[in-house]
Amino acid sequence: MPLDPASAAPLLPTAYPVQDYDPLMKGMVIGGIGILHVFLASFAIGGGFLLWWFEWLGQTGREPLARRFIDSVFRALIFVSFIVGALTGVGMWLTAIQISSPTIGLMVDVFHWVWATEWLFFWLEVVAGYAFFRYGDRLDGRTRLRLLTIYSIAGFGSLFWINGILSWQLTPGEWVETGSVWAGFFNPTFWPSLLFRTVVCFTLAALGGTIVLNLVGGFTREERERLLHRISPFFLPMLAMPFLGAWYLAAMPEDSRDWILGGSMVINMFFNIAVGASALIGGYGVIALWRQRNFMNGATATLLAALAVGATGAGEFIREGVRKPYTVRETLFSTAVTPAQVATLRETGILATDPYPLRDPEAYPTDQLREGRLVYRNLCSICHTVHGAMALNALMGEWSIEQKRLMVAKLQWTGGYMPPFAGSAGELESLVQYIAWEHAKRPKEWRESRDPEVIEEIERMLEEATTLPSPAAQKAAAGEESR
Amino acid sequence: MMLPAVDTETAAPATSTLPEVLEALPTNTVVYLALLIATYALHAVFMNYTFGGMLWTAVAALRGRYSEGAPRDTLATVVRDWLPSAVSAAVTAGIAPLLFVQIVYQRSFYTANILLFNRWMALLPALIVAVYAMYVVKAHGSAGVRDHGRAAKFLARGDVKSAAAVLAALLIGYVGLAFIENHLLSLAPETWRDRYVEGSPALPAAPAWIRLAMWALGALPTFAALAAWQLRRGAGGANDEDRARASRPLALLALTGAIGSLVLGTIVWSADHGGTRLLDDSIGRLAFGSLAGALAVGGAAWITMALHRRLSAIMVALAVSASLVAILAHAVLREGARLLALAGTPAAAREPSGLGGLAVFLVFLVISAGAIAWIVRAVARALPTTHRA
Ligand code: HEM
């Protein structure tokens, strides 16, 4: 009897149907929306502070032009970014469900009251922002400033809350032992990551303000220079970036840090992009504006903003990348298998828990290949495709069948960014056959290989690999050898 | 922190009644269910206004009400000006039930999301475009646009506003349909496997359309009541004449919506859920009775207002309260149906594995409620009544 789709345990890849995004990688899908969301939301948060600053400059008589700038499109722009930022935030949530329901489900289970608190801050942002946006013209100075104070604090508050949840994924800290929400929330990377993101908010607001200033009419060149000078303090926090970055890196788990610093070529490349782009933005912003040597025109500001998108994007990919092989470190592998489940799944097999059949069973000549495709779907497709991005065909298609068996059996040795193989020896053989078949361009005929000797050999390799993730597996093996 | 090991046991669905189902749930789950119902009702208030207001605006735009030199139509102006805030409120309010539904019905909500895939995810771009379109309808010589002569002229054109309003109304309708399809699929675990293999049909099935019609009609009385309340508060400088003029069209809208949604509601709620008809269940009957009663009371209030061509304080208050009761009753019926449909399956209501953080939430609930009350008062004080647009 086939399994009931509602019945697989919630923390397993098989608990939910899996979509095929080939040739795109799932990380790319979430990364794409992530960039847009982080960009808009950060701009709206920093923009709140920039509005506050200009309002204060205007009210205290320090900058007579300030009010005119605020009441130009800038105010509206901040507000619309906030609304669309909120919508893309919902989008992040829904995308996370598509990509890894068990992960977002675990996050919701642990942190729902934190999220509910963040929701209160959203309301504050909406009400204060809307009141200012809509009635600002007709309100007295004190009320205006207070509304902006509330809006800015609420915006920063929403960052504060979400930052705890996101940084927990990389460094869950003492939560792993105690299960305490606050131990998880104020985790080792909480502060560096919060400060880092805050600097990004200020920088994006400064860039946005500069672009708007160049676009709206009604200011003379001299007036623009003066207003730019007023914006420039918002570039200053970038000076702290190198220190915050170093702190962030120091607080990370060792293996994640190593990948960023060169252990993984891709992540290291993104890291260099982020650092380079940030240095350019910061250097230009700080030197040119603060020292009043230069005038930043619209084209330059737009170029820097484009670099900022690049840096934001790189940052998102790094964030997704360095957690591997986990979505929640020590707790849940990217595959939605928990470390504790691996040993059981080696015995029972992953497919015993999968209620969803293949959509195109007729495309595969044998049951073993169908099984292999299902194993790929559950244990590899979260990070790989077959022929597209991170293609298994390209990565391992050329290898001999023995080599394939060994490298997959010792997956966490093949790369520390991969979890231990969480299926049975028979399933491993099916997977390897499936990849070989794909590499052979899907021939109409394919021999089934269920040789007991081969399976036994695979079982031995799996045992050698251990059920532990890297680097614990390597340590355990070294301990074994020295005994 | 205990994480479950592999577990593939299947429980057989059992026919039961709502009191039985509730009795068997852990207390925490019942609390989360109550929060889901309450926050969903809040969401529904704003989304009903949004949908009704969007329709009203689209019709007004098509009648040229937003073109230069059009006759004074205070209601159309007020609704148009409040739409963007209404949709922001609907979205913000929607986040809370989105959170609670993931806690209580994690399995079924997520599975439906994934199975609908494109169709479900499309609601986001639809909403984003709808929000921008609403601003196009609304844009009228605001500070930023004034600077740009050509853009301002384009946005002020009647046909541009009509097109934007119709587009936004369609998109908002699509968002509603997406939520409905998702909800219906989430109630039917027995169909998930086939849906995964076969994919979604090109068009949603009949029950989704019936439910969409029920919701769209049900949104109208809420919109009419809230719009009447705005006019009474002098929004857009509304005077007695504006109120008198608006009374009959709003009454017609509210009555059509109430009767229509009640007829469709009878069809929807008499369906079989997990072997039980909601209308045969004691809680289900109570909720349906409240819904019908509230719609009747609201209808009576509207008939009175239409006959007297006057939006009197007491009748408007009655219509607003009736709408709120109807929304709550509707929310209870929805949850009742879901509890029955999923009872005894592994996708039934569940308890989250962690519960910490409630105290912090409560502290900030008080603080933010205070801050919001302050904002509302400060703005109300600073503005003379006639300027409360
Ligand atoms: C203005 C645009 C929106 C409209 C027209 C709309 C419409 C609807 C409708 C018609 C339902 C009821 C579905 C049913 O009973 O079958 C619903 C439920 C719901 N909506 Fe909205 N919605 C909107 C925006 C949003 C947004 C942005 C969110 C998320 C932040 C949201 C969250 C929810 C949730 C969580 C439910 C309950 C789902 C369930 O219980 O299965 N809505 N919405």
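Observations on the structure shown:
- Residue list for segment B:266-281, filter: touching a residue at least 60 places away in the same chain (Cβ under 8 Å) and either open to solvent by 50 Å² or more (accessible area, probe 1.4 Å) or touching a Phe, Trp or Tyr at 6+ places or on another chain (Cβ under 7 Å) (or both): B:TRP269, B:LEU278
- When residues of segment A:112-145 are limited to those that are more than 7 Å from chain B (Cβ to nearest Cβ) and over 20 Å from B:ALA93 (Cβ atoms), the one surrounded by the most Cβ atoms within 10 Å (Cβ to Cβ): A:PHE132
- Just so you know, in segment A:342-382 the residues that are open to solvent by less than 50 Å² (accessible area, probe 1.4 Å) and either of a type in the set (S, T, N, Q) or in the same structural domain as A:SER100 (by TED's automatic domain parsing) (or both) include one that is nearest to A:GLY426 (Cα to Cα), and it is A:GLN368.
- Unmet requirement for B:LEU220, which otherwise passes all of (1) more than 12 Å from the ligand (Cβ to nearest atom); (2) more than 13 Å from the chain's Cα centre (by Cα); (3) not polar (S, T, N, Q): (2)
- Helices (runs of 4 or more DSSP H) wholly inside segment A:173-280 containing at least 2 residues that are more than 30 Å from A:THR60 (Cβ to Cβ) and either in the same structural domain as A:ARG67 (by TED's automatic domain parsing) or modelled with pLDDT of 90 or more (or both): A:175-178, A:181-185, A:190-215, A:241-251, A:254-258
- Inspection of segment A:90-98 identifies at least one residue that is more than 7 Å from chain B (Cβ to nearest Cβ), under 18 Å from A:VAL328 (Cβ atoms), part of a helix (DSSP H, G or I) and hydroxyl-bearing (Ser, Thr, Tyr).
- Hits in segment A:329-341 - residues which are crowded, with 23+ Cβ neighbours inside 10 Å and not in a loop (DSSP other than H, G, I, E, B): A:LEU332, A:PHE333, A:GLN341
- Positions within segment A:26-85 being more than 18 Å from A:LEU213 (Cβ to Cβ) and charged (D, E, K, R), in sequence order: A:LYS26
- Unique residue being buried (at least 23 other Cβ atoms within 10 Å of the Cβ) and within 30 Å of A:TRP113 (Cβ to Cβ) when the list is A:THR203, A:THR189, A:THR198: A:THR189
- Selected residue [outside any helix (DSSP H, G or I), under 25 Å from B:LEU127 (Cα atoms) and without any contact (Cβ under 8 Å) to a residue 40 or more places away in the chain] from B:ALA208, B:ALA202: B:ALA202
- Across segment B:181-199, the number of residues qualifying as more than 12 Å from chain A (Cβ to nearest Cβ) and surrounded by fewer than 20 Cβ atoms within 10 Å (Cβ to Cβ) comes to 2.
- For B:GLU351, the test of being open to solvent by less than 30 Å² (accessible area, probe 1.4 Å) and either more than 8 Å from chain A (Cβ to nearest Cβ) or within 30 Å of A:PHE185 (Cα to Cα) (or both) is failed.
- Residue check for A:VAL322: more than 10 Å from chain B (Cβ to nearest Cβ), at pLDDT below 95 and open to solvent by 10 Å² or more (accessible area, probe 1.4 Å): no
- Matching residues in segment B:130-139 - criterion: being more than 12 Å from the ligand (Cβ to nearest atom) and either over 23 Å from B:ALA152 (Cβ atoms) or assigned to a helix (DSSP H, G or I) (or both): B:TYR132, B:ALA133, B:TYR135, B:VAL136, B:VAL137, B:LYS138
- Any hit, segment B:29-48, residues being away from chain A (no Cβ under 14 Å) and more than 15 Å from the ligand (Cβ to nearest atom): yes
- Cβ pairs under 7 Å, 6+ apart, first in segment B:170-187 and assigned to a helix (DSSP H, G or I), second near the ligand (Cβ under 6 Å from one of its atoms) and hydroxyl-bearing (Ser, Thr, Tyr): B:ILE172/B:THR50
- Residues within segment A:383-402 that are more than 27 Å from the chain's Cα centre (by Cα), touching a residue at least 12 places away in the same chain (Cβ under 8 Å) and either crowded, with 20+ Cβ neighbours inside 10 Å or within 30 Å of A:GLY31 (Cβ to Cβ) (or both), tallied: 2
- Residue ID - most open to solvent (accessible area, probe 1.4 Å), chosen from residues in segment B:73-91 that are near the ligand (Cβ under 8 Å from one of its atoms) and facing chain A (nearest Cβ under 10 Å): B:VAL91
- Selected residue (only one of B:LEU127, B:LEU115 is within 9 Å of the ligand (Cβ to nearest atom), at the interface with chain A (Cβ under 8 Å from one of its Cβ atoms) and either more than 17 Å from B:TYR32 (Cα to Cα) or open to solvent by less than 20 Å² (accessible area, probe 1.4 Å) (or both)): B:LEU127
- Scanning segment B:92-104 for residues that are near the ligand (Cβ under 8 Å from one of its atoms) and either of a type in the set (S, T, N, Q) or modelled with pLDDT under 95 (or both) turns up just one, B:THR92.
- Qualifying positions in segment B:319-337 - within 13 Å of the ligand (Cβ to nearest atom) and open to solvent by 10 Å² or more (accessible area, probe 1.4 Å): B:ILE327, B:HIS330, B:VAL332, B:ARG334
- Test: residue in segment A:87-110 that is within 17 Å of B:SER85 (Cβ to Cβ) and either surrounded by 22 or more Cβ atoms within 10 Å (Cβ to Cβ) or within 14 Å of the ligand (Cβ to nearest atom) (or both): yes
The values are calculated or read from the model by the stated rules, or taken from the named source; none is laboratory data. Please read all numbers here as calculations on a predicted model, not as lab measurements. Virtual Cβ from ideal backbone geometry, glycine too; neighbours counted across all protein chains shown. Note: accessible area is taken over every heavy atom of the protein model, side chains too, but ligands, DNA and RNA are not part of it. Shrake-Rupley method; radii C 1.70, N 1.55, O 1.52, S 1.80 Å.
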